[in-house]
Amino acid sequence: MATSRQKAAKLKAEEYLKKLEIVRKSNEVNPFETKEQQRARIARAKIDPEYMVETYLPHYAMAKCADFHIEFCNDVAANPLIKEFEEWGRGLAKSVYCNIIEPLFLWIRGEEVFMCLMSDSKERAQELLADIQAELEGNPLLIHDFGQQKCEGDWEIGNFKTIDQRFIGMAFGIKKKVRGVRVKQRRPNLWVIDDLETPDTIANPKRMRKQADQIERDILPTMTGPTRRLLYANNKFARVMTQTILQERHPDWRVRQIKAYNKVTYEPRWNYYPREYYIEQEKAMGIPAAYAEFLHETKLEGSNFTEDEIQWGKLPPLEEFKMIISHWDIAYTDNETSDYNAIRVWGLHERNFWLIACYVRQSKMKLAVNWNCQYKIGLPKEANYLGQYESQFWNGEVQRSIEEAEDENDVDLNLMKVDTPTSNKVQRIIKFLKPYYQNGRIYYNEALRANSDTQVGIMQLVAVEEGSTEHDDAPDADHQAIEALEKYCTPSESRRRKGEKTYKTGVMKRLFNMP
């Protein structure tokens, strides 16, 4: 009786044979063409991506190449050190171009290609890599112009070498070790990351950070030669993803974001799809899902807080804030189900509360304290700053983490312990924060808009409601910091001159008895 592994191998082989059958019927060789015609075809294919696709890959040319397809091919070919995110809307052929067309274009141009493809699982990566493998094995015109490529004995699905080893392909799952990947003296020179995110990873920022670390620390160092390309293919359908974390860390890496259609006119970006297709998709999927998948626009709405209530603005000089307070909501462990270490830095400017900086991660306490130390070091001397944390979290380990971080960073945090109410936390957060958001008293530093810690905090905020199982560490820290700032909030000069009574906005507790 066949084992599950044998069945999977048989199914994989059958799927590959189906791909091969399609490829073998994709084009024909003209037996009467001259050598001059053949040389002219090859020469043009080396400089014209659209011609290359229509000539060698007509089964992928169901519509004319879009301008961004052609620009992508030329840009990648021109830059041997490119690091680029292909954030193309769903259905815009990003996998086809990253996994098949661009690698073949480089190969046709005469480059040696050692391509490694990584996906969420090895099986998925093998499936994606099998497309270009089938082209090299069975495409009649490619074989006619460049010779037989299949190397018997080195042609395993997801791990293959051409006869002259000018093209090498390997497939990896995200959990697979990639350190030291090489074939004799050859090392990878093209990594493609495709279809990496799953519902599990999207729900787990800690896991996404680990994936980003793996790309930086394991994948990139495998490329040691003069050509070191990295292509990351994924539409941006969520606020925090592995790619957004990498983009935040590497602002010099290019993001090629393509929206699938104009949401006002429904004009498609690529003429493969008619306007009616996207109209129907919005009806079927709902606008939030359609905008996320096709336009990279994610809008967060909760029953108590919505993203529309957040005002973004240019941060005033820190010296102009009456007071800046950071509150640390402590978490002891850093596993995938633990609470978040949330440090939210809020400041009072005139009558408004500003989110200045933040740290929101499932991490060890020491990392959070180190971040706090570095933030304090970076403050101008003229800024008024206080740091605090909840007294009920204090223990010897917390104190030890603080002291070690202070010694390592050569700074005194002077953190204060504060007592917090023991009443229903969700109701407390809603009752305190909601009026401030509604009354336009809350501002977020616009420099934090793309920050993954900020986005996690926003996701936690909009999830605040009774019965929610989402983490609420960031909004809880917001509550504590803003409440501490209230005592520094005084009536405006104009109102004092008019003799008006002290205002009480939201849930202001402190009354100023001023003449």
Ranked list, fewest to most other Cβ atoms within 10 Å of each Cβ, for Val418, Val462, Val360
Val418, Val462, Val360
Take the Cα radius of gyration of segment 266-326 and divide it by 2.2 N^0.38 Å, with N its residue count; two decimals is plenty.
1.83
Loop-only trypsin sites (Lys or Arg not before Pro) in segment 360-412, please: DSSP not H, G, I, E or B, and at most 11 other Cβ atoms within 10 Å.
Lys381
Charge dipole of the chain about the Cα centre (unit charges at C-beta), most positive-ward option of Gly378, Leu136, Met62
Gly378
Selection from Pro251, Leu433, Gly169, by position along the positive dipole direction of the chain (Cβ)
Pro251
Expressed in nanometres to one decimal, the distance between label points 7 Å along Cα→Cβ at Tyr277 and Arg400 is 6.0
If I take R0 = 35 Å and measure r between the Cβ atoms of Arg5 and Ala203 in this structure, what FRET efficiency does the formula 1/(1 + (r/R0)^6) give, to the nearest 0.05?
0.75
Any residue on another chain or 5+ positions along whose placed amide H is under 5 Å from the amide H of Tyr385 is listed here as Ile324
Rounded to whole Hz, the Karplus (6.51, -1.76, 1.60) HN-Hα couplings of segment 58-66, x for glycine and proline
x, 6, 9, 9, 6, 8, 4, 4, 6
Among Met365, Tyr443, Gln480, the residue whose Cα sits farthest towards the positive end of the charge dipole of segment 307-497 (+1 at Cβ of Lys and Arg, -1 at Cβ of Asp and Glu, taken about the Cα centre) is Tyr443
Normalised by the empirical 2.2 N^0.38 Å for globular proteins, what value does the Cα Rg of the chain take?
1.20
Which of the GluC sites (Glu not before Pro) across segment 316-349 are loop residues per DSSP, with 15 or fewer other Cβ within 10 Å?
Glu336
For segment 35-258, just the Cα set please: Rg and Dmax, both in angstrom.
17.0, 58
Derived scalar couplings ³J(HN,Hα) [segment 157-162; Karplus, 6.51 cos²θ - 1.76 cosθ + 1.60; whole Hz; x for Gly, Pro]:
4, x, 7, 9, 9, 6
Output ³J(HN,Hα) for segment 356-367: one whole-Hz value per residue in order, computed from phi by the Karplus curve 6.51 cos²θ - 1.76 cosθ + 1.60 with θ = phi - 60°, and x for Gly and Pro.
8, 7, 7, 9, 9, 8, 7, 9, 5, 4, 4, 5
Distant-in-sequence amide H partners of Arg229 (H built 1.01 Å from N, under 5 Å):
Leu190, Trp191
Total charge dipole magnitude, segment 307-497, about the Cα centre, Cβ charges on Lys, Arg, Asp, Glu only, Debye to nearest 20
880
Once you have all Cα-Cα distances for segment 307-497, histogram them in 5 Å bins from zero and send the whole-percent values.
1, 8, 16, 22, 21, 17, 10, 4, 1, 1, 0, 0
Other-chain or far-sequence residues with amide H under 5 Å of Val418's (modelled H)
Tyr389, Glu390, Ser391
Computed lengthening from Glu21 to Ala284, 0.36 nm per intervening residue step minus Cα-Cα distance
91.3 nm
Quick one: go through segment 185-199 and flag any residue whose amide nitrogen is under 15 Å from the point 7 Å out along the Cα-to-Cβ line of Arg256.
191-194
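Every number here is computed from the coordinates shown, using simple stated rules; none is lab data. Please read all numbers here as calculations on a predicted model, not as lab measurements. Don't worry about glycine lacking a Cβ; one is built from the backbone with ideal geometry, like all the others, and counts go over all protein chains shown.
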